[in-house]
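The values are calculated or read from the model by the stated rules, or taken from the named source; none is laboratory data. These figures come from a predicted structure and were not determined experimentally. Methodologically, a virtual Cβ is constructed for each residue, glycine included, from the backbone with ideal geometry; neighbour enumeration extends over all protein chains shown.
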Amino acid sequence: MNVRDEHVLRELNLYPLWVRRGMPVQEEPVPAPLAIEVPEAIPEAKVEAAVAKAPPVAEIPDITSLPEVASLDWAALKEKVRACDACQLRATCTQTVFGVGDEQADWLFVGEGPGADEDAQGEPFVGQAGKLLDNMLFAIGLKRGDNVYIANIVKCRPPNNRNPEHDEIAACMPYLQQQIALIKPRLIVALGKVAATSLLGRDATLGSLRETVHDYHGTPLIITYHPAYLLRSPAEKAKAWRDLKSAVEIMR
């Protein structure tokens, strides 16, 4: 195992725990990393059944009802986001954070909103949570910018990193909807409750939304924990690992 692999597994709490000689060894097995053991693909019928069992969701505003956004290409959309002042967040942030990555990616990861580091650098997930996200991507054979696009529900940092308000989400969602329309991803991974409930158009607990294949206008959508939450609650990394393995299964 090389140093990079060991670092990634340690970040995900998947690296073997060594104990002092003479001390009892924990009986609970350590999950195997996906880079070593890739799970078998889920049969198509099983995926379809999971989608069918997903709870009904509220109607999400149709992007076609917003022609001033729905008609924009990448360059025009970036400029519109840069100049946006549709909600109060623009007045308190340093700059908008549009998104980053492969604009024809199969994988789309959606977070909540920029934090302090993202606000300063203009790119999503560049702080400690971003480092963990990069490790999560690496663990399933992905890399930022390579068949991966990363965006947020809102493009401006909420003050003190608070959750975005409903009207702020509503003002910013058309931009994300158009990003999705332009990317045409094969899978969307929502990181955290705000991203999940905003994309699904309804409120629910993260626990009730995980481990289900949801549908976003014909695109499979799965939900896992936000990396910032995992930094605060490292014990939940094992659950996030299961979510990532499920994502790989769906893509296969």
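General observations
- Within the range 146-155, the residues that satisfy the criterion of being free of Cβ contacts under 8 Å to residues at least 60 places away in the same chain, more than 25 Å from PRO234 (Cβ to Cβ) and either part of a loop (DSSP other than H, G, I, E, B) or under 14 Å from the mean Cα position of the chain (by Cα) (or both) are ASN147, TYR149, ALA151.
- Test: residue in the range 138-160 that is out of contact with any helix residue (DSSP H, G or I) (no Cβ under 7 Å at 6 or more places or on another chain) and farther than 21 Å from THR224 by Cβ: yes
- Residue under evaluation ARG202, criteria (1) without any contact (Cβ under 8 Å) to a residue 60 or more places away in the chain; (2) assigned to a loop (DSSP other than H, G, I, E, B), criterion not met: (1)
- Restricting ILE188, ILE169 to residues that are surrounded by fewer than 21 Cβ atoms within 10 Å (Cβ to Cβ) and touching a helix residue (DSSP H, G or I) at 6+ places or on another chain (Cβ under 8 Å) narrows the list to ILE169.
- Filtered residue count, the range 182-214, keeping only those that are over 25 Å from LYS237 (Cβ atoms) and at pLDDT below 95: 3
- Pairs linking a residue in the range 159-184 that is closer than 24 Å to ASP73 by Cβ to a residue that is exposed (fewer than 13 other Cβ atoms within 10 Å of the Cβ) and modelled with pLDDT of 95 or more, with Cβ atoms under 7 Å and 6 or more positions apart or on different chains, are LEU182/GLU103; ILE183/GLU103; ILE183/GLN104.
- If only residues of the range 156-177 that are touching a Cys at 6+ places or on another chain (Cβ under 6 Å) and outside any helix (DSSP H, G or I) are counted, the one that is nearest to GLY99 (Cα to Cα) is CYS156.
- The residues on offer are HIS226, HIS217, and the sole one that is under 26 Å from GLU165 (Cα atoms) and in contact with a Gly (Cβ under 6 Å, 6 or more places away or on another chain) is HIS226.
- Candidate set: the range 225-252, residues that are of a type in the set (Ser, Thr, Tyr) and more than 22 Å from CYS172 (Cα to Cα); chosen: the one surrounded by the most Cβ atoms within 10 Å (Cβ to Cβ): SER246
- Some residue of the range 141-157 being in contact with a Ser or Thr (Cβ under 6 Å, 6 or more places away or on another chain), of a type in the set (Lys, Arg) and surrounded by 20 or more Cβ atoms within 10 Å (Cβ to Cβ): yes
- Among residues of the range 126-145 that are over 16 Å from SER246 (Cα atoms), those with a beta-carbon under 9 Å from a residue that is surrounded by fewer than 21 Cβ atoms within 10 Å (Cβ to Cβ) and aromatic (Phe, Trp, Tyr) at least six positions away or on a different chain give the pairs ALA129/TYR229.
- Helices (runs of 4 or more DSSP H) fully within the range 206-252 that include at least 3 residues being under 14 Å from the mean Cα position of the chain (by Cα): 227-232, 237-251.
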